1. On the basis of being out of contact with any Lys or Arg (no Cβ under 8 Å at 6 or more places or on another chain), touching a residue at least 12 places away in the same chain (Cβ under 8 Å) and more than 27 Å from Ala177 (Cα to Cα), does Glu30 make the cut?
2. In the stretch 195-213, how many are farther than 17 Å from Ala148 by Cα and either surrounded by fewer than 20 Cβ atoms within 10 Å (Cβ to Cβ) or within 16 Å of the chain's Cα centre (by Cα) (or both)?
3. Quick one: in the stretch 234-257, of everything that is modelled with pLDDT of 90 or more and hydroxyl-bearing (Ser, Thr, Tyr), which residue is surrounded by the most Cβ atoms within 10 Å (Cβ to Cβ)?
4. Are there strands (runs of 3 or more DSSP E) fully within the stretch 173-226 with at least 1 residues that are among the aromatic types (Phe, Trp, Tyr)? List them.
5. Within the stretch 52-62, count every residue that is closer than 25 Å to Gly23 by Cβ and either charged (D, E, K, R) or touching a strand residue (DSSP E or B) at 6+ places or on another chain (Cβ under 8 Å) (or both).
6. Checking the condition in contact with a Lys or Arg (Cβ under 6 Å, 6 or more places away or on another chain), among the hydrophobic types (A, V, I, L, M, F, W, C) and farther than 28 Å from Leu116 by Cα, which residue from Ala223, Ala168 passes?
7. Which residue is modelled with the lowest pLDDT, if the candidates are limited to the stretch 264-281 and must be surrounded by 13 or more Cβ atoms within 10 Å (Cβ to Cβ) and assigned to a helix (DSSP H, G or I)?
8. Just the residues that are crowded, with 24+ Cβ neighbours inside 10 Å and either charged (D, E, K, R) or modelled with pLDDT under 90 (or both), please, taken from the stretch 220-229.
Amino acid sequence: MGIVDIAGRPLLVRQLQWLRDLGIEDVVVEVEIGARAHERAALLLGDDPLTARCVVIPTRSALGAHALAMRAGVSRDEPFLALCADDFVHGALELSDAPRMYRLPAPPFAPEQSPLDLEVRTLRQAPAASDDAVSSGWGARIVDLASAHALSCAVLSARAPGVVMHAAEQRAGVWLARGARVSREATLIPPVLIGNDARVFGDARIGPNVIVGPHAVIERDVAISDATVLEGTWVGEGVRARQVQLEARGATSFSDRTRTQSEDPLALTSTRNRGALLTSRLFALALVALVIVPWTLVFTLRAPLGKRIVGKIAWRGTTLHVGKIGLSWLDIVPALFDVALGRRDLVGVAQPRALELEGQRADGPPRGGALDISWALAPTGTTSTLLSMWRWYAQHKSAGLDRALYIAQWRVRWRRLVRKRGKKKTG
């Protein structure tokens, strides 16, 4: 449960913050092999200051507090606090005396929870823990996604006091993190949190009890309530969701924990860049070395080719309008270097114009391909047409479609050059 979100921060990060507030500098974390173990390890081994002096011990099965302390090299008389992976605690503890047992009352927003027990121990044999010590805080056990979501909403609505929020409260119960953008036409119903660099477009209805993760995109006419949207999830136009956790490939129900897979990128997809294949990277380097560099020198000395013209191409029953590539030769060289570094696709679309109008950031949704065919999909379309065609392209993207679109655009361009030269001869 260490990766589960609690009001915009992973539970593991919340635990580390509380331990640091208690003055505990050395932390040992057991990472048991299993689902999402790599995510927990990556979080602990990152550059977050909270993970400084944090020792990660991978295990095949749970060692227990005593064995884990021995493996971490804790001295026999040194007191240590054993904290379970699913414990969320807020309050001040006195850790100088060991052994000692703390019995923390359940939080006021969840009366069905039983009190939470914490124990301070040493490795040396000692009498049983003393009587329950007094704590000024409270504790909760996060057993599933539903309990994590309930705690998050309690924090947002000020019913779980003392939890630090990494966001600004725009009005009572409405929180916006750094870089979050919400359209004026969107409706936010508290409690709700919009994460770092997330986007909410017009006519979307978010809340109550909704946590939108960092870098997520909520399109127009989306209605979400009593739900969590994970980091980097793109929720398509017109989606309705309630009492679920949404991610790029599906949704998990809060009630029965069942997961529904989604293969429709028009409904759910990822905002993360997939990068480029190795063959695309090598081809991009070849273009830079053998073709693009000398061509760039030539085209910088020539005038622009003129206005765009429109052609058509049939693709699996769909008629696509195509035109010449709107990409300057000076811009394509650094774009090809991005392909070689795996930062973008060789062929793809530019970001939908709607995202650009909302204020796109460099670390937001993925960039388009080096060879841009976005205008080929909707050369005369409106903003909504561009957005829908971008999503259609994401669903059908393949090497064959990219090749067909790209070749068709060059054919249109070639016909225009031939007509232009013919007019010059007749003139």
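The values are calculated or read from the model by the stated rules, or taken from the named source; none is laboratory data. Every value quoted in this text rests on a predicted model; they were computed, and no experiment measured them. Cβ sites come from the backbone with ideal geometry, for glycine too, and all protein chains shown count toward neighbours.
1. yes
2. Adding up the residues that qualify gives 8.
3. Thr252
4. Once the strands (runs of 3 or more DSSP E) in the stretch 173-226 are filtered for at least 1 residues that are among the aromatic types (Phe, Trp, Tyr), what remains is 174-176.
5. Qualifying residue count for the region: 5.
6. Exactly one of Ala223, Ala168 is in contact with a Lys or Arg (Cβ under 6 Å, 6 or more places away or on another chain), among the hydrophobic types (A, V, I, L, M, F, W, C) and farther than 28 Å from Leu116 by Cα, namely Ala223.
7. Looking at residues that are surrounded by 13 or more Cβ atoms within 10 Å (Cβ to Cβ) and assigned to a helix (DSSP H, G or I), I get Ser280.
8. If the condition is that a residue be crowded, with 24+ Cβ neighbours inside 10 Å and either charged (D, E, K, R) or modelled with pLDDT under 90 (or both), then no residue fits.
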